[in-house]
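The values are calculated or read from the model by the stated rules, or taken from the named source; none is laboratory data. Computed from a predicted model, the values in this text were never measured in an experiment. Reconstructed Cβ throughout: ideal geometry from the backbone, glycine too, with neighbour counts over all protein chains shown. Heavy atoms of the whole protein, side chains included, go into the accessibility calculation; ligands, DNA and RNA do not. Shrake-Rupley method; radii C 1.70, N 1.55, O 1.52, S 1.80 Å.
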Amino acid sequence: MLLSVRDLRTRFELDEGELWPVNGVSFSVGTGETLGLVGESGSGKSMVALSILDLVPAPGRIVSGEVDLGGEDLLSMSGAAKRRVRGGEIGIVFQDPSASLNPVYRIGDQIADVARLHRGLGRVEARREAVHLLGDLGIQQPEKRARAYPFELSGGMRQRAQIAIAIAGRPRLLIADEPTTALDATVQAEICDLLKHVQGEFGMSILLISHDLALVADVADRIMVMYAGRIVEVGHWTAITQEPRHPYTKGLIGAIPHLGAGSGSPLEAIAGTVPDLTDLPDGCPFHPRCPEAGEDCRSAVPRLQDVGDRLCACYRVKHTEAVT
Ligand SMILES: Nc1ncnc2c1ncn2[C@@H]1O[C@H](COP(=O)(O)OP(=O)(O)OP(=O)(O)O)[C@@H](O)[C@H]1O
Ligand SMILES: [Mg+2]
């Protein structure tokens with residue numbers, strides 16, 4: 001395993017009360033693996049990414065847990081060591097490229113800087129690498145684009161540039177949080193193909209975060225489903241998309257026309273809204289929306305358990321031998 005996250009807990013103390021966007025989250029990402037993280041808006045996906053990077057904004061705070069990258073605990077490192085990891089061993093791509101691109105600095109220079117800082121390349125070599133990466137990421141006339149400022153590029157090109165910056169340090173792990181959400185459908189598909197390409201070429205691991213399960217299913221080896229700060233189901237992408245077992249995952253899948261089994265009224269399964277994290281119900285946080293909820297679901301939070309071919313946190317889901 002390249003990345004192991006163990007019992008991560010992140011808390012916000014607000015006037016309305018405290019909330020836990022990351023509430024006992026454990027998972028790992030294998031070398032060269034793409035792990036997808038999905039869930040509705042507000043379920044805590046971005047907070048998982050920010051917690052891994054120790055970049056949780058105040059008043060949020062990581063309360064406990066371990067984030068092990070290749071044998072080193074990131075959370076207990078010095079500030080300087082953490083900065084070396086971010087952008088170096090871990091590349092980061094966010095939804096909005098303008099948040100990570102410097103508007104007054106040429107694209108090529110921004111990529112070259114990362115290659116110099118994290119790989120120790122010389123000026124000329126780093127420059128050549130920047131042009132090479134842009135070309136590799138499907139940007140036409142990379143020599144010319146390297147001299148452009150971010151505002152001179154289209155949204156799709158800016159996102160490619162952001163990916164170039166993220167991989168210029170040859171990270172072992174790429175964290176991509178909603179990398180295509182701001183883009184139109186055609187460009188979304190291109191960026192997804194690009195992530196696959198990048199992974200094939202550099203062999204890095206990817207944590208791909210999106211509210212769009214169909215998109216994640218297209219790229220990820222395994223998929224992890226999050227609800228109200230907790231992981232509720234994790235498994236191989238085919239198990240999750242073809243035979244979802246957690247009622248929440250079933251609802252998510254049912255809402256996707258070409259993935260949903262089409263039985264009954266799938267959207268009905270996931271009526272209601274994501275709960276207010278400062279005011280969670282007792283028991284399973286999904287029970288008020290769950291068509292399968294029983295009395296037991298109202299008393300204690302179900303633990304994430306091995307149920308055969310996956311992990312699932314639901315009292316209705318029992319262990320079964322994997323279907324081969
Ligand atoms: N700065 C903040 N102050 C207070 N609460 C916050 C803050 N940022 C996030 N939260 C809380 O953490 C929860 C999880 O937020 P997070 O951004 O991780 O969700 P998400 O799953 O990434 O959603 P989205 O799909 O919209 O990006 C939110 O529901 C919100 O209640
Ligand atoms: Mg988010």
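Data table
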read-out	value
Residue satisfying all of: in the stretch 93-106; within 25 Å of the chain's Cα centre (by Cα) and free of Cβ contacts under 8 Å to residues at least 60 places away in the same chain; farthest from ligand 1 (Cβ to nearest atom) among these	ASN102
Hits in the stretch 275-298 - residues which are touching a Lys or Arg at 6+ places or on another chain (Cβ under 9 Å) and either among the small types (Gly, Ala, Ser) or within 16 Å of ligand 2 (Cβ to nearest atom) (or both)	GLY283, ALA293, GLY294
Selection count where residues are modelled with pLDDT of 90 or more, open to solvent by 10 Å² or more (accessible area, probe 1.4 Å) and under 17 Å from VAL48 (Cβ atoms), scope the stretch 178-211	2
Qualifying residue in the stretch 73-86 (condition: without any contact (Cβ under 8 Å) to a residue 40 or more places away in the chain and in a strand (DSSP E or B))	yes
The stretch 32-71: number of residues that are of a type in the set (S, T, N, Q), out of contact with any helix residue (DSSP H, G or I) (no Cβ under 8 Å at 6 or more places or on another chain), part of a strand (DSSP E or B) and within 27 Å of ARG170 (Cα to Cα)	0
Residue ID - nearest to ligand 1 (Cβ to nearest atom), chosen from residues in the stretch 33-52 that are of a type in the set (S, T, N, Q) and open to solvent by less than 40 Å² (accessible area, probe 1.4 Å)	SER43
Hits in the stretch 35-61 - residues which are away from ligand 2 (no atom under 13 Å from the Cβ) and closer than 17 Å to ILE231 by Cβ	LEU35, GLY36, ILE52
Filter result for ALA166 (buried (at least 23 other Cβ atoms within 10 Å of the Cβ) and either acidic (Asp, Glu) or within 16 Å of ILE206 (Cα to Cα) (or both))	yes
Residue pairs meeting the criteria (Cβ under 6 Å; at least 6 apart or on separate chains; first within 24 Å of HIS132 (Cα to Cα) and in contact (Cβ under 8 Å) with a residue 60 or more places away in the chain, in the stretch 195-219; second part of a helix (DSSP H, G or I) and of a type in the set (S, T, N, Q))	ILE206/GLN199
Residue list for the stretch 1-12, restricted to those being open to solvent by 30 Å² or more (accessible area, probe 1.4 Å) and modelled with pLDDT of 95 or more	ARG6, ASP7, ARG9, ARG11
Count - residues of the stretch 214-260 that are more than 19 Å from ARG316 (Cα to Cα), at pLDDT below 90 and in contact with a Gly (Cβ under 7 Å, 6 or more places away or on another chain)	1
Contacts under 7 angstrom Cβ, first residue in the stretch 53-66 being open to solvent by less than 60 Å² (accessible area, probe 1.4 Å), partner acidic (Asp, Glu) and in a loop (DSSP other than H, G, I, E, B), 6 or more apart	ILE62/ASP54
Matching residues in the stretch 102-122 - criterion: being open to solvent by 70 Å² or more (accessible area, probe 1.4 Å) and either assigned to a loop (DSSP other than H, G, I, E, B) or touching a helix residue (DSSP H, G or I) at 6+ places or on another chain (Cβ under 7 Å) (or both)	PRO103, VAL104, TYR105, ARG106, ARG116
Subset of the stretch 233-250 [in contact with a Ser or Thr (Cβ under 7 Å, 6 or more places away or on another chain) and assigned to a strand (DSSP E or B)]	GLU233
